[in-house]
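Heads up, the thing below is written out as structure tokens.
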Amino acid sequence: MIRNLLPTVALIVLTAGATVPGKAQTSAELTEYLQEDVKLSQDQIASLHKGEAVAKNLDSRIPDEVFLFGVVYVNANPESYVKVAYDFDRLRKMPNYLALEKFSSPPQLSDLKGFELDSEDIKDLKDCKPEHCNLQIPASTIADVHQTINWSDPDAEQQVNRLAQKKALEHLLAYQKEGNQALGVFNDKHDPTQVPEQLKYMLSYSKVLPKALPAYYNYLLDYPHGKPANVEDMFYWEKVKFGLKPTLRMVQVVTMQGDNPHQPAYTIAEKQIYSSHYFETALDITYCIPSDDPKQPGFYLIMIMGSEQAGLTGFKGSIVRSHAVGRGASNLQKSLATIKNALEKDK
């Protein structure tokens, strides 16, 4: 949930092209990884060894992508991070969270109580049409809105939100049954967004997963098939402010606990299933890698974040992209430092 700690304008961030080291890395191996794969400078590596958080923007292939990498040493157990990161009661108290709920297993319509669009979004939906819509939705949902909502009724907003909850549940259930193909197509803009293809393209850039964790990588692509024995799934939805308008999102959390010395203690992917604004596709990956240095018995927290978003080309888009890229690394660095301080304080 680190993404929601970064309230930058049009925040967009993804994966590094590198082979993440496994469990219990020596200082030399970690330094080589950071120098050769992530391309950290000597000053950045020195800062990391002094206990400071380090983050940087990475190269992207197309303007719609922005890549971000962050790392910090934490003098605590990796389990402490997992516990804090998914403490929903704590997260709900954060100012950028407007609502946050975990889905039942199997998901129920009652899980989506509070999953509601703002009045501005509902007003936009009234005039929404394929290729011209301010929300990310498929053409079929646009048609359902126009066919089922009686805009003259006093409870029109409640009708819209009931439909939104119904569609969200159907979308999640279809994804749990069919996998990435159920993520579908957004028809809000002139060029439709093929979400499954975007996700596959994003993962194809990362050199991290195929080499280090092939079964985990394949599961992210082939879900719900091929689930490794040491992997757990969890689903949640949130209503969050990234600095602009409130956004509804549904997310799958894929957590792998390392079961051999060559794997990180924990690998956690947050895979976006739906977002009403901004993020067409999003994937954040976190690694908790214990140190084998007796002077530093804690772990290295590595975060590789990303998404793909339309509207980053042309004159206006280049300004938005420049702003997001300029602030992204700085905000991630601050967030990692905050996490480090909290975990070491509670140790």
Practice task
Would you check the accessible area of residue 120, probe 1.4 Å, heavy atoms only, in square angstrom rounded to 10?
Solution key: 110 Å²
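Rounded to the nearest percent, how much of the accessible area of region 72-203 (1.4 Å probe, protein heavy atoms only) is carbon and sulfur? It would help to have the intermediate numbers written out before the result.
Working: 3570 of 7170 Å².
Ligands and nucleic acids excluded, carbon and sulfur give 50 percent.
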Practice task
Please list 276-288, 218-230 highest first by mean number of surrounding beta-carbon atoms within 10 Å per residue.
Solution key: 276-288, 218-230
Handout entry: residue 155 - accessible surface, heavy atoms, 1.4 Å probe, Å² rounded to 10
Key = 60 Å²
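The values are calculated or read from the model by the stated rules, or taken from the named source; none is laboratory data. Worth saying up front: this structure is predicted, and the values here are computed from it rather than measured. Here Cβ is always computed from backbone atoms with ideal geometry, including for glycine, and neighbour counts include all displayed protein chains. Surface areas here come from the heavy atoms of the whole protein model, side chains and all, with no ligands, DNA or RNA. Shrake-Rupley method; radii C 1.70, N 1.55, O 1.52, S 1.80 Å.
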